[in-house]
């Protein structure tokens, strides 16, 4: 039997925490909010907080160590997504885009190219602003991921 589902959130810059809480309450799935700073969370038995050191990648390391086939990881961090996918987790970006084993290689490559361009002084635009459609897409993707996990167990 597989372990129960859990949601692990790379929370420092996550714009969909409220949506995650609502889904967690409805589906009775535990959530851990992982951050470098103390973030306010609802006082609810399904919601936990993990405050990690401010060391580089401390939150990523905490999440990656706990990611498994029963975990849904919410992150915009491509390298963390790659680590969690390798551990068997389901990974969703806050804009609702799923990271998959088929797409992660391309995402890592694009990230590296953009980083090199920025390091070379090129002025390139960042991510597009978070929109209402992103929130809706995220809710749908999270719900679908939880349904898939429930079917597996």
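The values are calculated or read from the model by the stated rules, or taken from the named source; none is laboratory data. Model, not experiment: these values are computed from the prediction. In this analysis, Cβ positions are derived from the backbone assuming ideal geometry, glycine residues included, and neighbour counts consider all displayed protein chains.
Is one or more of the residues making up region 28-51 touching a helix residue (DSSP H, G or I) at 6+ places or on another chain (Cβ under 6 Å), crowded, with 18+ Cβ neighbours inside 10 Å and in a helix (DSSP H, G or I)? No: zero hits. For region 70-78, indicate whether the set of residues that are in contact with a strand residue (DSSP E or B) (Cβ under 9 Å, 6 or more places away or on another chain), surrounded by fewer than 19 Cβ atoms within 10 Å (Cβ to Cβ) and more than 18 Å from residue 13 (Cβ to Cβ) is non-empty. So far as region 70-78 goes, yes, one or more of its residues are in contact with a strand residue (DSSP E or B) (Cβ under 9 Å, 6 or more places away or on another chain), surrounded by fewer than 19 Cβ atoms within 10 Å (Cβ to Cβ) and more than 18 Å from residue 13 (Cβ to Cβ). Somewhere in region 85-107, is a residue in contact with a helix residue (DSSP H, G or I) (Cβ under 6 Å, 6 or more places away or on another chain), part of a helix (DSSP H, G or I) and at pLDDT 90 or above? Yes, region 85-107 has at least one match. Counting residues in region 13-24 that are at pLDDT 95 or above, in a loop (DSSP other than H, G, I, E, B) and surrounded by 14 or more Cβ atoms within 10 Å (Cβ to Cβ) gives one or more.
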